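Please read the structure below before turning to the comments.
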Amino acid sequence: MKMDSPASILGLIDIQPTFMPNGELPVAGGDTIVPAVNRLLARCGHAFATQDWHPPGHSSFATTHPGKQAYDTIQMPYGTGVLWPDHAIAGTPNAAIHPAIDQRRIEVIVRKGFRPELDSYSAFFENDRTTPTGLEGWLRQRDISHLFLCGLATDFCVAWSALDAVGAGFAVTIVQDACKGIGLPDGDGQTTLDTARRRLTEAGVAFVNSDDV
Ligand code: VGL
Ligand code: ZN
């Protein structure tokens, strides 16, 4: 399926200044994907975007848990979670879609992570894995069957979105040069990028470069 097919959509995952150099949760090179994303937007048939959108004092912030540091892990009621620097505060300029992104083709924007007690990486489900964002229904009602994903971060919100999309029955292609990852240690000398790449490949997610879609 091609990206400009009526059944395809380009998904922009969390392309927000908060995840870029000078942001609160900087992803190395996060700003460098913007030109490639704009080129993809100019060529796609449809597009959606997500925004990480947290209230102050969110449960995923290390500052909410006395004695904890950013990038520590913690037991949440729904499983192990990573604690992050305060980031993506709803309504702040750094939580906006990056101002250099050409939004003309973006048909719907999904915000996630706004429940104080629940973190949210995926565009489809919050991290309890049961609370839906509504995106799946929107895509189905629009007869979309193939997602092309780009954005931040490859090993967290892009990866979780891609795996949930596969689980929901969509074909998924990750545009790898239009993504950047965080890469936290993940045991056995592996990083979260290694783990994500393995899981995504096993799930049948395809990887392409933006010049090849
Ligand atoms: C993200 C960590 C925390 C992401 C969001 O967009 O990948 N990562 N919140
Ligand atoms: Zn977040």
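The values are calculated or read from the model by the stated rules, or taken from the named source; none is laboratory data. Every value quoted in this text rests on a predicted model; they were computed, and no experiment measured them. Counting neighbours? That spans all protein chains shown, and the Cβs are built from the backbone with ideal geometry, glycine included. With ligands, DNA and RNA removed, areas are computed over all heavy atoms of the protein, side chains included. Shrake-Rupley method; radii C 1.70, N 1.55, O 1.52, S 1.80 Å.
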Quiz prompt | Gap separating the Cα centres of region 64-82 and region 99-134, nearest whole Å | solution = 21
Quiz prompt | Accessible area per residue, Å², region 4-159 with all protein chains present, probe 1.4 Å | solution = 40
Quiz item: To the nearest 10 Å², what's Ser59's accessible area with a 1.4 Å probe?
Solution: 20
Self-check item: Principal axis box of region 8-212, alpha-carbon based, largest edge first, Å
Solution: 48, 36, 32
Quiz prompt | Placed amide H near Phe48: partners under 5 Å, 5+ positions off or other chain | solution = Leu10, Gly11, Leu12, Glu107
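Using Cα-Cα distances under 8 Å and only pairs 6 or more residues apart, what relative contact order does the chain have, in percent? Walk me through the numbers before you get to the answer.
Working: 467 pairs, mean separation 49.1, N = 213.
Answer for the chain is 23 percent.
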Quiz item: For region 82-180, what size does the Cα cloud have along each of its three principal axes, sorted from largest down, in whole Å?
Solution: 35, 33, 24
Quiz item: Could you work out Rg/(2.2 N^0.38 Å) for region 4-113, with Rg from alpha carbons only?
Solution: 1.20
Exercise. Grab the beta carbon distance between Thr32 and Tyr71, set R0 = 25 Å, and tell me the FRET efficiency rounded to 0.05.
Key: 0.65
